[in-house]
Each structure stands twice: as structure tokens, then as C-alpha cells.
Amino acid sequence: MLLGAPPVVTVADPTVPVPEGGSGRAPRWVRPTLVALLLGTAVLYLWGLSASGWANSFYSAAAQAGSQSWKAWFFGSSDAGNAITVDKPPASLWVMAVSVRVFGLSSWSILVPQALMGVASVGVLFAAVRRWYGPAAGLVAGAVLAVTPVATLMFRFNNPDALLVLLMVLGAYATVRAVEVASTRWLVLAGVFVGFAFLTKMLQAFLVVPAFAVAYLVAAPAGLGRRIRQLLLAGVAVVVSAGWWIAVVELVPERLRPYVGGSQTNSVLELALGYNGLGRITGEQVGSVGGGGGNGGGWGQTGWLRIFGADLGGQVAWLVPAALVLLVAGLAVAGRAARTDRGRAGFLLWGGWLLVTGLVFSLMQGIFHAYYAVALAPAVAALVGMGGAVLWRLRDRPVARLVLAGTVAVTAWWSWTLLGRSPDWYPWLRTGVLVAGLAGAVLLVAARLRPVRPLRLGVVGLVVGAVAAFAGPAAYAVQTAATSHTGAIPSAGPNVTGAGFGGPGGHPDGAGGPPGAGRARGGFPGGTAPGGTPPGATAQDGTAPGGTAPGGMPRVAWHRVAWHRVVPLRAVGLRAPRPADGGRATGPRGGPAPVAAWVGCWTPVRPTPNSSPC
């Protein structure tokens, strides 16, 4: 084996033994450190959360509808009248709508569940990495995930990605447990998590499946036939846990359910396989808003290095070079170890997650937004924690020490590069990160050459290098948490030179998109004011039934939404009525009408009851 490593890598440090499988008594420092990590993550994700108001008002309105109508809750309708659904499956809306039912309508009841999902994701990632690589590796992985800027953004926002990440990390943890003893139960549970992740964001959930399958097929301690049968059972679990809702929607007569938003034929299967599926990869998305054209069209430049570009670099890529180096090093350490070696299995699992998801994101031609990159964060975090622990364990070997020092130096240089894309944003931080990172790398190498107390010098170098590696993303994360984010396409961190997708709201200040669809203060065309009150509406007009938050529930951003972009009106026989005064539908005080009333104004061509809200 390379680097002279033992066949099974299960500990972060020789002085901190951890039995295989993660059982046994942990060192005393682990529990308080984990509690501090989780509390710190909670503060980062919860502090000043209401500043974002309704965040993405598209999903906030659907959560309000679900809190008023169980039918709207089940189908994920945009309105309590059940005219049309959102263009995603409803799992994330189920959580928000239940929270609104229990605690009342407010930005807190909508956004706090997302923050708690973030804290849970950090905790589950710690547990998954700790089992095979020790508590130090798990803590580093959890900390990296917590301060990844795009993770901070999405765990403070109400897009489906927060629940998606949690379910995928739970799936990885279940796979880890399954690999240990070739457990069918744990593997099936992993399939269930992936299935419900599908009900959160459709085919994106399946990007982690190859990594889970390869890790289990390679490393589970069972015969090949049994492993294949178990994987087939896990596949059945995915189909059942994802397919039951699709089956219900497809079997319910169209007249008894809302129209499937985003589809062209009122079919959730078409939505899953087209607009939210293969269409994202090929770019062939009928009904897509914005974008278009080749090589990514209006959704950013495609290519192998897409995640390192101006749009995505500051969101998630701070430690991606380190993760890739450590992935190669971890596989090299395993060398020709036994097939069931868990050290290698972990790198196959998390490395496969990073590579498959990263390649798909880099090359996809369809709709793509920078915040999608949050799906990469758990894999990057795990690889950094695992790889760093493995190399530190082998620090007495010159090659391992040089690779570790080189990783620190490369990370410092890359952070210096990313910070340089925002030259006016704390310029001193850029220089400090580079100097500290290079100093840490030098100390790691020098510790090998110094005969007196080399461990102490190495520890100092490791700490200095870690501070340099964390400084950039942590600063971005704090800036993201301190900034309110609204609209459909949020982005983490300060403004970046050269960043911005051509789609709606993808560019700072809305360049390349409709008016008012800016990166941090955008929204739907026309925008909404902070706190959720749409243009032209007073706070009183915007107050939703039962709402208590300042500004009320944003209802009338919806009157400006081009619904023909969400659902082809002619395909379902709808027409837009013309109010008597020639203007748009309004509420009882002259303000814009609520979502349900407005959607109801898109009346069928056939005769309608006199009770129409129009």
C-alpha cells in the first residue's frame, strides 16, 4: 500500500482510538465541542432570520395555502383555491405549511424549519464521518458544511434545497451503516431517504445514487449476489417512497386536483422527466423562463471548470481543490487494501457524490442557479475532514506531510484568488489568508525537520493553516447571514466581479433579468419590498389572513407573474378576463387581490359560476 498505511483507516489520530463502526466511548472533549459546533451553527442560521421577510414569496404563498387547505398542502398548490401547483414536488412545502399551521403565519414560522434542517445536516454529517474516521474528522466536516457560504444562504431561505441536503446526508449516513455489516435494513432506509429527496426536488436527488451504490457494492462484507439483491431492494424502496405521491397525482382526475405547474400536459411525470429532469441537462425545457441558447445559454457558462468560475466559486468552491487532492490521497492510502476496507469506502462514497454532482452541474445546459451548488457542500466537507484526518495520522511519513502542507498552501492561494474577485470587500483579509496559509504550510514541513518537539510545531502549523482555510468561507458566510435575501434567485456573499447568470435575477442588481429581479433584493418581475409588501400595495393591503409579520404575506407579487410561463393556458382552455375598468384585478380596498382570488380570475373558456372572485 502507498504511504505505508494500515489496511483500515478508522481514526483521526493514533492517540484517539475509535473502534470500527464508531462505537465505544468518545474522548471527553468531543461532546462539548460538538455542542459548541451545533450551537454556533444555530446562531449563524437563526440570527436576524426575519430580515429576509418572506424570502422566496413563491414558496411562502404555497406554504400559506397549505396551512389553509389540506388539499393544497398535499398537492403543493400555489393557492388555497387549488388552481395550480408550484413547479416542484411538495415535500419542502409540507414542512413549512405544518409550521405555519402550528405557529401562525410569519417569516419565522416559514424560515426556522430551514435553519433547523441546516443544524441537523451538520450533526448527521458529523455522525457519518466520525464512524470511520474519528471525532476530529467529523467535527471538521461539520464545521466546513456550516460555514460554506451557499449552505448558510439556503439554510436561511425557503427554497427546497435545505430539505434536499438533509435527506441526502441522511441517505449517506444510512449507507455508511449499511456498509458496516451488509445491512439490508439500513440500505433500504437509504433508499427511502433518496425517495423523499426526490419528492423535494425531483431528479437532482438521484445524483448521489451512483456513489451510494458503488460504495456498497465495493465494500459491503457480503457475497456479490447478496449485495446485488440488496441494492435492488434499495431501488424498490426509492421507487415506492418517491412514486406513491406521483401515482396519486396521476390517478386523481384532473378536474379534482390543481394543474401541475411547470408541466405542459398537466402531468407530474412529464414535469419530473422534462422540465425538472433531463431538460435541465439538455437545455430542452419547454416553458422555461429566460435562459436559452447553447453552451448554457442564459444560465451561465458551462464547462469542466464551471464550479470554479465567478458565479459559483465564492458560493461553494473554497475547499473544492483541497477536497479533490485529499480524495486522491485517501484512495492512495487505501492502496490495495481488502475489498471491505472502510477507509476506501468512505472516499468512494463522498468522492463519488462530489464528482458526479459536480460534473452534472458543470455540463448541464438547462436552467441552473448558483445556489444549486449547496448539494456539493456535504461531500466537500466530508472529504476535507476525512482526508485531513488520514494525512495527519500519517504525518511522520514525509510524503503524507508534504501532501498535507501542499493542500494547505493551495487552499490559501485559492482563497486569495476568490477574495480577489471582490477587491473592495475587506482587502486586508485576502492578504492575511495567503500569508497565514503559506506560513502554516511551512510550519508543517519544518516540523519534520526539527528534532525537538516536532509535534507541537506541526500542531501550530495545522491550526494556522486551518484558520487560513476557514477564514474566507466563514467571512462570506457571516456576510450572507447579515444580508437579507428575497426573490427567486438568491446568491451568497458580496458582489463578485464578472458574476451573474443571464436568467432572471441572476446578476447583481438584476442585470440580465427582468426589472427588480436583483440578486439580493429581487423577486418576481416588478420585485417586492423588503418584508414582503409588493409594489403599489400598502402594508395593510398586503396583510394575509392571520398574518402578523410586518408587511404581511406577499400576495400581489403574483399579479405580475407571467403565469403562461408556468402553465400553457391554452393547453387547459383558460383565458385571462378583462376587468370592467380595463385594469388588473384588485382587492376590496383597491389593493391587489389575494393569490387565490387572482388565480381564480383565469377562468375557463366554458361558462363559470356567478360566484367567481372576478
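The values are calculated or read from the model by the stated rules, or taken from the named source; none is laboratory data. Predicted model only: the values in this text are computed from it and were never measured. Counting neighbours? That spans all protein chains shown, and the Cβs are built from the backbone with ideal geometry, glycine included. Side chains are part of the model used for accessible areas, which takes the heavy atoms of the whole protein and leaves out ligands, DNA and RNA. Shrake-Rupley method; radii C 1.70, N 1.55, O 1.52, S 1.80 Å.
Taking (1) in contact with a helix residue (DSSP H, G or I) (Cβ under 9 Å, 6 or more places away or on another chain); (2) farther than 23 Å from ALA137 by Cβ; (3) open to solvent by 40 Å² or more (accessible area, probe 1.4 Å) in turn, ARG397 satisfies each apart from (2). Identify, please: which residue in region 436-489 is without any contact (Cβ under 8 Å) to a residue 12 or more places away in the chain and in a helix (DSSP H, G or I) and is, among those, farthest from THR148 (Cα to Cα)? Ranking the candidates gives LEU449 first.
Taking the numbered list (1) surrounded by 24 or more Cβ atoms within 10 Å (Cβ to Cβ); (2) in contact (Cβ under 8 Å) with a residue 24 or more places away in the chain in turn, ALA174 passes all entries but (2).
Residue by residue, here is whether (1) at pLDDT below 95; (2) closer than 22 Å to ARG280 by Cα; (3) under 27 Å from the mean Cα position of the chain (by Cα) holds:
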| position | (1), (2), (3) |
| --- | --- |
| LEU349 | no, no, yes |
| VAL356 | no, yes, yes |
| SER362 | yes, yes, yes |
| ALA370 | yes, yes, yes |
| VAL374 | no, yes, yes |
| LEU383 | no, no, yes |
| PRO398 | yes, no, no |
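Looking only at residues of region 416-440 that are surrounded by 17 or more Cβ atoms within 10 Å (Cβ to Cβ) and in contact with a Lys or Arg (Cβ under 8 Å, 6 or more places away or on another chain), we find that the one that is nearest to GLY458 (Cα to Cα) is TRP416. Would it be correct to say that ARG156 is touching a residue at least 12 places away in the same chain (Cβ under 8 Å) and either out of contact with any helix residue (DSSP H, G or I) (no Cβ under 8 Å at 6 or more places or on another chain) or among the charged types (D, E, K, R) (or both)? Yes, satisfied.
Go through the residues of region 377-394 one by one and say whether even a single one is in a helix (DSSP H, G or I) and open to solvent by 40 Å² or more (accessible area, probe 1.4 Å). Yes. Checked against the criterion of being open to solvent by 10 Å² or more (accessible area, probe 1.4 Å) and either assigned to a helix (DSSP H, G or I) or touching a strand residue (DSSP E or B) at 6+ places or on another chain (Cβ under 9 Å) (or both), region 335-343 contains one or more residues that satisfy it. Of everything listed in (1) at pLDDT below 65; (2) out of contact with any Phe, Trp or Tyr (no Cβ under 7 Å at 6 or more places or on another chain); (3) of a type outside the set (Phe, Trp, Tyr); (4) not in a loop (DSSP other than H, G, I, E, B), the single unmet condition for GLY294 is (4).
Answer yes or no as to whether GLY123 is open to solvent by 10 Å² or more (accessible area, probe 1.4 Å), among the small types (Gly, Ala, Ser) and either in a helix (DSSP H, G or I) or modelled with pLDDT of 95 or more (or both).
Yes, satisfied.
Of ALA72, ALA65, ALA42, all but one fail to be in contact with a strand residue (DSSP E or B) (Cβ under 6 Å, 6 or more places away or on another chain) and modelled with pLDDT of 95 or more; the exception is ALA65. The set of residues in region 400-415 that are more than 24 Å from VAL129 (Cα to Cα), open to solvent by less than 20 Å² (accessible area, probe 1.4 Å) and either aliphatic (A, V, I, L, M) or at pLDDT below 95 (or both) contains only ALA412. If the condition is being surrounded by fewer than 24 Cβ atoms within 10 Å (Cβ to Cβ) and not β-branched (Val, Ile, Thr), then region 297-310 contributes GLY297, GLY298, GLN301, GLY303, TRP304, LEU305, ARG306, PHE308, GLY309, ALA310. On the stretch given as region 44-78, residues that are assigned to a helix (DSSP H, G or I), free of Cβ contacts under 8 Å to residues at least 40 places away in the same chain and open to solvent by less than 10 Å² (accessible area, probe 1.4 Å) total 2.
Yes/no per residue for (1) open to solvent by 40 Å² or more (accessible area, probe 1.4 Å); (2) of a type in the set (S, T, N, Q):
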{"position": "VAL442", "(1), (2)": "yes, no"}
{"position": "LEU449", "(1), (2)": "yes, no"}
{"position": "GLY458", "(1), (2)": "no, no"}
{"position": "LEU462", "(1), (2)": "yes, no"}
{"position": "ALA477", "(1), (2)": "no, no"}
{"position": "SER484", "(1), (2)": "no, yes"}
{"position": "ALA492", "(1), (2)": "no, no"}
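In this structure, VAL147 does not qualify as open to solvent by 20 Å² or more (accessible area, probe 1.4 Å) and over 18 Å from GLY385 (Cβ atoms).
Quick check on TRP94: is it modelled with pLDDT of 95 or more, surrounded by fewer than 24 Cβ atoms within 10 Å (Cβ to Cβ) and within 18 Å of the chain's Cα centre (by Cα)? Criteria met by TRP94.
Inside region 247-286, residues that are of a type in the set (A, V, I, L, M), assigned to a helix (DSSP H, G or I) and open to solvent by 20 Å² or more (accessible area, probe 1.4 Å) make up a count of 8. Within the set TRP428, TRP414, the sole residue that is closer than 25 Å to LEU153 by Cβ, assigned to a helix (DSSP H, G or I) and free of Cβ contacts under 8 Å to residues at least 12 places away in the same chain turns out to be TRP428. Of all the listed residues (ALA334, ALA345), the sole one being closer than 19 Å to LEU217 by Cβ, touching an Asp or Glu at 6+ places or on another chain (Cβ under 7 Å) and not β-branched (Val, Ile, Thr) is ALA334.
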